[in-house]
Each structure stands twice: as structure tokens, then as C-alpha cells.
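S.K.: Sharing a structure below in C-alpha cells format, with a few things to ask.
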Amino acid sequence: MKKKYAWIAAAVVLLLIVIDQVIKFWVKTHLALGQTIPLIGEWCNLHFVENEGMAFGISFGQQVGKFILSLVRILLVCVLCWYTANRIRREKMDGLVLTILCLVIAGAIGNIIDSMFYGILFTESNFLQVAQWSPGHGYAPFFFGKVVDMFYFKLFPIPEGFPLWGGSWFFPAVFNFADSCITVGIFMAIIFNKRIFSDLEEKQEENVAKEEDGASMNDEAGI
């Protein structure tokens, strides 16, 4: 069972990363910055933008913030991979928890790849021309690439007087497949949080039981 979950986890994470990167590679090499392609009517579009920060186009602290954010993402992935492997090793894994962890890990890695490698692999995208695949002759040094976003849903207009997003469309953010994986994984983790943290609760109960046993043994010994 341990090997089965380990292979499933590796395969799912790899598959999600490949899907994410294939979409981004196509968008990066076929669309100019800001170009839009309708997918389903006018409400579902491919709209190519790039961001230097967090999910859904949020920015954070320019270059220094971007570097710190990339390091935090890498640390998060390492922690989640350790946690996943540990649960599998201790046979505390199930299909739902594995799905949640794989979604978040794959999504984080997908955006890390953009930040780490796209700057050195592609020429810069702009509003007039499409980027070219050019390893070693890119637009930014290692770790400072931009994240490619492309999914834009114009579901319905937001009233003008609405704070922050008034006059735009719902949902106003442009996002990518990796963002979707992270978002779905986090929502599932919130809904099924007891399943996610069940092993931590068990550890706490075991520690309490050990402390109670130790106290009772001390009482019996007259200490």
C-alpha cells in the first residue's frame, strides 16, 4: 500500500505539472502580451498576462519580494512533500488527503518553474510580438522569471459602485492551471480539515496519554 500511494502521488503531481506547463508554453509562444482568444462565447477566454508575484496576478515587493516569495514556495513544497511521504510511510494516507496534497504541491511547483526558469528560457513577451524559445538568451536571470496567466472568465459585470472591482467583470483575476490546483486543494483542505490533520490529533492524544502514564507511574513510585 505504501508503494502504491507513493507511485500514485508522483504520477498525479507529474501529470498536473505537465498539463500546467504545456498550457503555459503554448500561450507564451503563440500569444502576444494582452492578446485574448475566446474559448466559449464571450465569458470564457484565454487572455495572456504575466505577473511577478502571487497567484491571480497579485504582486509582492517587486524583485526582493519575488525572490523571498520563491524561496517560501520552495520551502512550502519541501514541507508538503515531507508531510505526504511521512503519512504514506506511517500508512495514514487515504485517497482524499492524497488528492488534496497532490493538488497543492503540483500547483506550487508549476508556478515555481515559471519563476525559476522562464526568464532564462524565453525572450520577453510584449504587446507587439510573441516570445521565442531561446535558452540562455532570455529576458531575466535565474529565479526572476514571470508567471504566465491566461484564464479569464467574464461571467457578469460588477456594478460601478462596488469596492475595488466596480466596473470590471466577475471573476476579475486572470489565473493559470497551477493557481486552480492550489485553490481547489486549499478549499478541499478547509472542508475536510479533520481528515488532513487527523494524524496530528492522534500524535497529541498519544503524547497526552504518555504524560498521564508517566504521572501515574511517578505517583505509584511515591515520587
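S.K.: Using every alpha carbon pair in the stretch 1-108, what percent of pairs falls into each 5 Å bin from 0 up to the bin containing the largest distance?
M.R.: Values per bin, smallest distances first: 2, 10, 15, 17, 16, 14, 12, 8, 4, 1.
S.K.: Can you give me the solvent accessible area of Thr183 with a 1.4 Å probe, rounded to the nearest 10 Å²?
M.R.: Its accessible surface works out to 40 Å², give or take rounding.
S.K.: If one computes the Cα centroid of the stretch 112-149 and of the stretch 85-108, what distance in Å separates the two points?
M.R.: The distance from the Cα centre of the stretch 112-149 to that of the stretch 85-108 comes to 31 Å.
S.K.: Taking a 1.4 Å probe, which of Thr99, Thr84, Thr123 shows the most accessible area, and what order do the others take after it?
M.R.: Per-residue accessible area, sorted high to low, gives Thr99, Thr123, Thr84.
S.K.: Just the Cα atoms of the stretch 92-135: what Rg and Dmax do they give in Å?
M.R.: That works out to 16.4, 53 Å for Rg and Dmax.
S.K.: In this model, which of Lys66/Lys154; Lys3/Lys92; Lys2/Lys92; Lys2/Lys194; Lys4/Lys194 are farther than 18 Å apart at the alpha-carbon?
M.R.: Over 18 Å apart, Cα to Cα: Lys66/Lys154; Lys2/Lys194; Lys4/Lys194.
S.K.: Also, I was wondering about something else. Under a Cβ-only charge scheme (Lys and Arg +1, Asp and Glu -1), can you give me the dipole magnitude of the stretch 79-173 about the Cα centre, in debye to the nearest 20?
M.R.: Rounded to the nearest 20 debye, it is 380 debye.
S.K.: Taking the radius of gyration and the Kirkwood hydrodynamic radius from Cα positions alone, what is the Rg/Rh ratio for the stretch 60-207, to two decimal places?
M.R.: Radius of gyration over Kirkwood radius for the stretch 60-207 works out to 1.07.
The values are calculated or read from the model by the stated rules, or taken from the named source; none is laboratory data. Since the model is a prediction, treat every value here as computed from it, not as a measurement. Reconstructed Cβ throughout: ideal geometry from the backbone, glycine too, with neighbour counts over all protein chains shown. All accessible areas refer to the heavy atoms of the entire protein, side chains included, with ligands and DNA or RNA removed. Shrake-Rupley method; radii C 1.70, N 1.55, O 1.52, S 1.80 Å.
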